[in-house]
Each structure stands twice: as structure tokens, then as C-alpha cells.
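The values are calculated or read from the model by the stated rules, or taken from the named source; none is laboratory data. Note that this is a predicted model, so its numbers are computed, not measured. We place every Cβ from the backbone using ideal geometry, glycine too, and count neighbours over all the protein chains shown. What goes into the accessible areas is simple: the full protein's heavy atoms, side chains included, and nothing from ligands, DNA or RNA. Shrake-Rupley method; radii C 1.70, N 1.55, O 1.52, S 1.80 Å.
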Amino acid sequence: MRLALGTVQFGLDYGISNRAGEVQDQELDAILALARKLGVDTLDTAQAYGKAETRLGTRPTADFRLVNKLAPGIQAVEIATSVAGSLQRLARTRLDGLLLHRSQDASPALFEQLAELQRQGKVGKVGASVYSPEELALWLAQGYPLELVQLPANLLDQRFLRSGWLDRLQAMGCEIHVRSLFLQGLLLMQPGLRPDHFHPFSEQLARLDGWQPHSSPLHKALSLIPALPQVSRFVVGVCHAHELAAIASAYAHLHPCHDNELAALACDEPALINPALWRTS
């Protein structure tokens, strides 16, 4: 099972297609129980995800690997205290992975602090959450360690796949996690429910809608997975256990797609593939 469970909805009302808001306690417990049953072994969380750390810490999650992200804008002098706070909230003695939420926060002093936490056994792999191939190239050019990286990829956003970065990262021995497989839920929405912001991209979205017309939007979105053998985990977030069950069911029935089919869906329009640029309110 290469799926990991994202936890942003455990602490925030998040996602363009989210109508349920923050996940309620009973549903959170059901999601974790189902994830365990399905063989999902990794939780992805962050200091910026509201109450997510605290809520996870009140539940038995020791059998999951846990990858955390530092707060955006963090300084080197704050690292030890910040990680100690996360460990306390999560009721853990160790983080299996720790990423910078923003790569621009990196500094030699910051990584000295992270290396010390690794020596103390409090942190496993370190790295960054990145948003573009250019950002990743700059990170490596500066010589920062990259043992674990999280990056976006989906049917529309295939930049890391098409640029050869996944092969390069794998050759470096870097563990790769992919987020945004559903593009914040946009790829799962019915065409008529998409906000007006996406009207300028009707051609690209119509191409996606018309592809594999007999498949569900969920199955189509997940069909990128077989094309990314370099990726260790695909982070998916849900608001209900039945959504995780549907994802797992579709995942179990995936078949490889022809590369040229997938390439025809790729799009480089920042205002479409970068949720930070969406104007949907």
C-alpha cells in the first residue's frame, strides 16, 4: 500500500471540494481505524494544520510512521523548542520524517539544529516540502540535505514527472512523497460545480473530463500512481471513512496507462495547478 493519510482536515476546514469542514472526533477515529485495517502505514501532518497534532496525540497512532512539517517561517533558534512541542502534542518520542514547510526557510544553522535532533534520535529523515522543480533545483544547489521530499503531482501537474526529477531523486536515495493527487479535490468535482476561477481553463479541464469517460473522477485521478514507481507514498486526505474506503478500492484496481495518454493531460498553467493562486471566494 503506497497510500499515506494526510491530516490537514483533522485540524482545519481545508480543500476546495470540502463541504464537511473539520473532521469530527467519531469520524477521525473511524478514519484512523480503517487506515490501519487497509495497511496505510504513514501519517502526514504539520505544525500549521491547526489542532491536527493535538488530536492525533490523543489517539493510539504508534503503529504509524509519522512525517511532520515545521511551521512556515521558523528560525534556527526555534527548532529545538518547536520539535519538542510537536513531540509532546503528538505523544511521540520521535518523528520519522521532518520537513520544512517552506524551502526558503532553510539555512545552515537550521540544519545544524536538525542534525543534532537526529543524533539525539528525535528525528528520522529530514528534507522539505517543495512546490516546483525550480525550487527543488535551488535547494540542491545550496547543498542542503534531502533525505525525504514531498512534492505535488496529479494528472494536470506533471512537472516533476516530465522533467526527470523523480528519477534523479530516486538515484540520490531520497524518499519521495507526493501530495495534491486530487489537486485539493478539484479533480474529483463535477464540472458544473467548479468555481468561476477555472473557466479560463475549460479546454484543459474538458480534455480531462473526456479522458476515460467510463471511469470515475476518483479512479482517473488515482491512475497517475502506476506511472510513478519512484514514489514511496501518495498522501491523500479525507473527511469521512467512506471516502478512504473508496480511494482504497479504486487503488486496488489500477492499471498502467500509456505514457502519451497521461502526457496529453499535463498542464503548466500556474493559476490552474497551483492552489495558492486560486481565487475561489
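Some values worked out for this structure:
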{"item": "Spin-label model distance (nm) - S163 vs E269, 7 Å beyond Cα toward Cβ", "result": "2.1 nm"}
{"item": "Two-decimal log10 I(q)/I(0) for the range 161-241, as the Debye equation yields it once each C-alpha is a single scatterer, q = 0.20 Å⁻¹", "result": "-1.02"}
{"item": "Net charge of neighbours whose Cβ lies under 11 Å from the Cβ of D157, counting Lys and Arg as +1 and Asp and Glu as -1", "result": "+1"}
{"item": "Structure-based [θ]222 nm, the chain - -39500 (n - 2.57) summed over DSSP H runs of at least 4, per residue, nearest 500", "result": "-9500 deg cm²/dmol"}
{"item": "Protein accessible area in the range 22-112, 1.4 Å probe - carbon and sulfur %", "result": "52 percent"}
{"item": "L224 long-range amide H proximity, modeled H, under 5 Å", "result": "none"}
{"item": "Solvent-accessible heavy-atom area per residue, rounded to whole Å², over the chain at 1.4 Å", "result": "45 Å²"}
{"item": "Dimensions (Å) - the range 21-101, Cα atoms, principal axes, largest first", "result": "40, 26, 19"}
{"item": "Tail weight of P(r) past 11 Å, computed on alpha-carbon pairs of the range 149-193, percent", "result": "69 percent"}
{"item": "For the range 93-132: relative contact order, % (alpha-carbon pairs under 8 angstrom, 6 or more apart)", "result": "64 percent"}
{"item": "Alpha carbon convex hull of the range 83-180, projected area averaged over orientations, nm²", "result": "6.6 nm²"}
{"item": "J(HN,Hα) series, the range 120-127, from Karplus relation 6.51 cos²θ - 1.76 cosθ + 1.60, nearest Hz, glycine and proline x", "result": "7, x, 8, 9, x, 6, 10, x"}
{"item": "Whole-Hz ³J(HN,Hα) from phi, Karplus 6.51 cos²θ - 1.76 cosθ + 1.60, for the range 226-243, glycine and proline x", "result": "x, 7, 10, x, 6, 8, 7, 9, 10, 7, 10, x, 9, 9, 9, 4, 5, 5"}
{"item": "Relative contact order [Cα under 8 Å, 6+ residues apart], the chain, whole percent", "result": "20 percent"}
{"item": "Volume per residue that the Cα convex hull of the chain spans, once the total is divided by residue count, Å³", "result": "125 Å³"}
{"item": "Neighbour net charge for K125 - beta-carbon separation under 11 angstrom, K R +1, D E -1", "result": "-2"}
